[in-house]
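Participant: Just passing along the structure, written as structure tokens.
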Amino acid sequence: MDGGMQQIVRNDRKELSVPSEDSDLDLIEILATLWRGRWVIGVCALIALLVGAFYAYGVAVPKYAATVQVMLRGQGQQLVDIQSVVSGVSTDAESMNTELQVIQSRKLAEQLVDQLNLTTDPDFNPFLQEAPTFSLSGLAKRAKGLVGMEVAASPSSSEEQIHNATVDRVLGSISAAVLRGTRIFDVEATTVDAGKSVLLANTLAELYIADQIAVKFEATERAVAWLSQRVSELEADLKAKEEAVKELRAGSGLVSAEGLAALNQQAKDLRARLEELQGTSAQLRETQAKLEELRDAGDADAMQAAFPDPVLKQLFQRISEGEPEARELFDSRFDLLLQREANGLQRTLDQAAALDDSYTELQRRIEAQSADLVRLQQLERDAGATRVLYETFLTRQKETTVQRGLQEADARILSPAVYGRHVEPRKSLIMALTTVLGLVIGSGMVLLRQVLHNGFRTAEVLEQHTGTTVLGQIPRIPISARQGLIDYLNAKPTSAASEAVRNLRTSVLLSNIDHPPKVIMSTSSLPGEGKTTQAIALTHNLSKMGKRVLLIEGDIRRRTFTQYFKDVPKGGILTALAGEQPLSEVVFFDQRLGADVLMGEKSNINAADLFSSDKFYEFMHRAREAYDFVVVDTPPVLVVPDARVIGQSVDAILYSVNWDKTTKAQVDEGLRQFRTANLRITGTVLSQIDPKGMRRYGYGGKYSAYGAYSGYGSGYYDA
């Protein structure tokens, strides 16, 4: 009893804490789902492995690769120093990658096609290959022919199209890569023939080296032609400039740069003398003006002091002594001295004018010769620069001319291809990838099946979805016909099915400790979900407790009890409702079942109206008084309303859910129908569980016939 109470408490707690239907699957649930579907995943992986093996060993065309190693020389010393004309290839990353593109260029591929005449090889010329047996274009042509449509002939291909298509195929079979940290790169050719791969790789490397030499030779030829033309032009230009220098020297009076320097020095001296004379004349002019002022003033004392002339001084002395004739003589002598000063000033001015004319002429000569000297120096510089350029280009021309016959490639074949190795198909990789793909597909199928699954496979899922306690889990009873049900229960009282029914009985009786249910109703969403089998098996189990039990066929529309019981007497539920006979005379006792059975009868009255009548309530009251337990088998709730009407008169409602068949929407709608009638489902029953199906879905270890731990019951159940 304590265990029953604990189970009820647990069930009530489950009803109060129902997980959300929209909650995401956690990782453990996903892994559990994958584990349950491990056989499906394994089969998919095996099929994918077989497909991969068939493709790798039977369909895929083998391909072979041959590799030739080419080493690129760095910028080294040339035999003749013409690095400015043709230099070596740099070994930096950009240059190495550029050379890789050159090797894989269309130009070299075209040369390879032409040299090996690959347009005649069906492996490279797609126009020589046979049309595949199955192709989209072929199927389209056959379909057009079947419907009578005209099939256009394939257009003929030109030589250019054939050549371009062959070159494209060749480019697709060639690859190149630099070995890290070296100046070596691998050139690889991949074909369906090992020898052909070797030939393609070696020929391509030789063409690459020959192309390098040809490029250098062409560059040298262009350099020689350009240098020759440039040397001729420079030579003519140099001669013209040298002639211009000669003509300038002959046509000008320029002696030399040193002579021009002497003229400049002479001009400097003349300028100094001219400035000296100009200063002297200015002083003389000033002195003369002062003397004239003294003469006009008539101051004899100042006048005699102005000239250090002894005669003038004697005459001044005589004036002082009072001689009358001395003043006239004094003035005459002063005028004479003044005239001498004027004559001296004039001579100085004449000398300065003459010297100024000479200086001007000298400056003219200097300017003329300076201009000629500048022109001469410019012409000499131009001629010198042209001469240096001419000599440089002449030297480059001679060096380049010599270099034409000494060109070397910047690369050499380090290791030629000698054999072709098998590279495709990589059988182990293909089978590994297909196996992984099969695992992914199988996992996807299992997860998709789980996502799309709309039924119930475990009591846990049913309980979480409905929020209602699962009272029992009934396995599929191994009988061939319905009439063998009771015989099976009698013959195998300890079988898994019998124990499951016994567990259901215990759960129902303990569902309400204070008021154990006496009238128990069995219903479902749709027909064929095991509700009738459940009602009969529960009746059988209750009767084995020594209780008086009445089994009522409430599904009077179908009346399937006749398939379970033999020699059924006349009369049934309609007779009992009429009250014309006592209940004990209407029911019949089945020895195998150990309980009374009230059969259903065909009625002209609607069944729902019949069960809604007061007579039915009175009948159920009499049955409740007369028996310890009453089990009522009702119609499916989604088909007719009878179950909701009968449910108003019962103590417990058992709702059967067919394992992996009844959908969640059907269960939800059925429970909703009961809620609209203010009826509470006592519990659900997961019926007709398929043990093999449970194992197939991966629940064999945790779930089996009717319980989470029934896997441990092999010593308790009959086979």
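The values are calculated or read from the model by the stated rules, or taken from the named source; none is laboratory data. Because the structure is predicted, anything quoted here is derived from the model rather than measured. So basically every Cβ, Gly included, is an ideal-geometry build from the backbone, and we count neighbours across all protein chains shown. All accessible areas refer to the heavy atoms of the entire protein, side chains included, with ligands and DNA or RNA removed. Shrake-Rupley method; radii C 1.70, N 1.55, O 1.52, S 1.80 Å.
Participant: Considering only residues of segment 513-530 that are of a type in the set (A, V, I, L, M) and not in a strand (DSSP E or B), which is nearest to Ile689 (Cα to Cα)?
Facilitator: Looking at the filtered set, the residue picked out is Leu526.
Participant: Out of segment 412-461, which residues are open to solvent by 90 Å² or more (accessible area, probe 1.4 Å) and of a type in the set (Lys, Arg)?
Facilitator: If the condition is that a residue be open to solvent by 90 Å² or more (accessible area, probe 1.4 Å) and of a type in the set (Lys, Arg), then Arg412, Arg421, Arg426 are the ones that fit.
Participant: From the list Arg340, Arg327, Arg375, which residue is assigned to a helix (DSSP H, G or I) and within 30 Å of Lys241 (Cβ to Cβ)?
Facilitator: Unique residue meeting the criteria: Arg375.
Participant: Just to be sure, is Ser507 open to solvent by less than 40 Å² (accessible area, probe 1.4 Å), more than 60 Å from the chain's Cα centre (by Cα) and hydroxyl-bearing (Ser, Thr, Tyr)?
Facilitator: Considered against the rule, which asks whether it is open to solvent by less than 40 Å² (accessible area, probe 1.4 Å), more than 60 Å from the chain's Cα centre (by Cα) and hydroxyl-bearing (Ser, Thr, Tyr), Ser507 comes out as no.
Here's the yes/no breakdown for (1) within 23 Å of Lys615 (Cβ to Cβ); (2) part of a strand (DSSP E or B); (3) open to solvent by 10 Å² or more (accessible area, probe 1.4 Å); (4) not small (Gly, Ala, Ser):
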site: Thr532; (1), (2), (3), (4): no, no, yes, yes
site: Ala537; (1), (2), (3), (4): no, no, no, no
site: Leu542; (1), (2), (3), (4): no, no, no, yes
site: Arg558; (1), (2), (3), (4): yes, no, yes, yes
site: Lys566; (1), (2), (3), (4): no, no, yes, yes
site: Lys570; (1), (2), (3), (4): yes, no, yes, yes
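Participant: Condition first: in contact with a Phe, Trp or Tyr (Cβ under 9 Å, 6 or more places away or on another chain), in a strand (DSSP E or B), at negative phi and of a type outside the set (Phe, Trp, Tyr). Can you find one or more residues in segment 224-246 that meet it?
Facilitator: no
Participant: So Tyr488 clears everything in (1) open to solvent by 10 Å² or more (accessible area, probe 1.4 Å); (2) closer than 27 Å to Arg644 by Cα except one condition, right? Which one?
Facilitator: (2)
Participant: Could you tell me how many of the residues in segment 327-362 are among the small types (Gly, Ala, Ser), touching a residue at least 40 places away in the same chain (Cβ under 8 Å) and under 14 Å from Ser281 (Cα atoms)?
Facilitator: Residues meeting the conditions: 3.
Participant: Name the residues in segment 609-637 that are open to solvent by 10 Å² or more (accessible area, probe 1.4 Å) and free of Cβ contacts under 8 Å to residues at least 40 places away in the same chain, would you?
Facilitator: Asp609, Ser612, Ser613, Asp614, Lys615, Tyr617, Glu618, His621, Arg622, Glu625
Participant: Need pairs with beta-carbon distance below 8 Å; first residue of a type in the set (Lys, Arg) and within segment 180-209, second assigned to a helix (DSSP H, G or I); sequence gap 6+ or separate chains.
Facilitator: Hits for this filter: Arg183/Met96.
Participant: What residue, among those in segment 196-232 that are exposed (fewer than 13 other Cβ atoms within 10 Å of the Cβ) and acidic (Asp, Glu), is farthest from Lys107 (Cα to Cα)?
Facilitator: Glu221
Participant: Only residues that are touching an Asp or Glu at 6+ places or on another chain (Cβ under 9 Å) and open to solvent by less than 60 Å² (accessible area, probe 1.4 Å): list them for segment 316-351, please.
Facilitator: Within segment 316-351, Phe316, Arg333, Phe334, Leu337, Leu338 meet the criteria.
Participant: Mind checking whether some residue in segment 214-235 is among the aromatic types (Phe, Trp, Tyr) and modelled with pLDDT under 80?
Facilitator: yes
Participant: While we're on this one: Residues of segment 471-485 being touching an Asp or Glu at 6+ places or on another chain (Cβ under 9 Å) and surrounded by fewer than 22 Cβ atoms within 10 Å (Cβ to Cβ), which ones?
Facilitator: Arg476, Ile479, listed by residue number.
Participant: Could you list all residues from segment 394-421 that are farther than 30 Å from Tyr64 by Cβ and at pLDDT 80 or above?
Facilitator: Residues satisfying the conditions are Leu394, Thr395, Arg396.
Participant: On to the next question. So if I check each of Ser584, Ser543, which one is under 17 Å from Leu489 (Cα atoms) and among the small types (Gly, Ala, Ser)?
Facilitator: Sole residue among the options that is under 17 Å from Leu489 (Cα atoms) and among the small types (Gly, Ala, Ser): Ser543.
Participant: Okay, moving on. Specify the residue that is most open to solvent (accessible area, probe 1.4 Å); the eligible residues are those in segment 175-194 that are aliphatic (A, V, I, L, M) and over 24 Å from Asp92 (Cβ atoms).
Facilitator: This residue is Val192.
Participant: State which residue is nearest to Gly554 (Cα to Cα) when the search covers only segment 651-685 and only residues that are β-branched (Val, Ile, Thr) and open to solvent by 20 Å² or more (accessible area, probe 1.4 Å).
Facilitator: Thr682
Participant: Filter segment 74-109 for residues that are of a type in the set (D, E, K, R) and either surrounded by 15 or more Cβ atoms within 10 Å (Cβ to Cβ) or at pLDDT 75 or above (or both) and give the result.
Facilitator: Passing the criteria: Glu94, Glu99, Arg106, Lys107.
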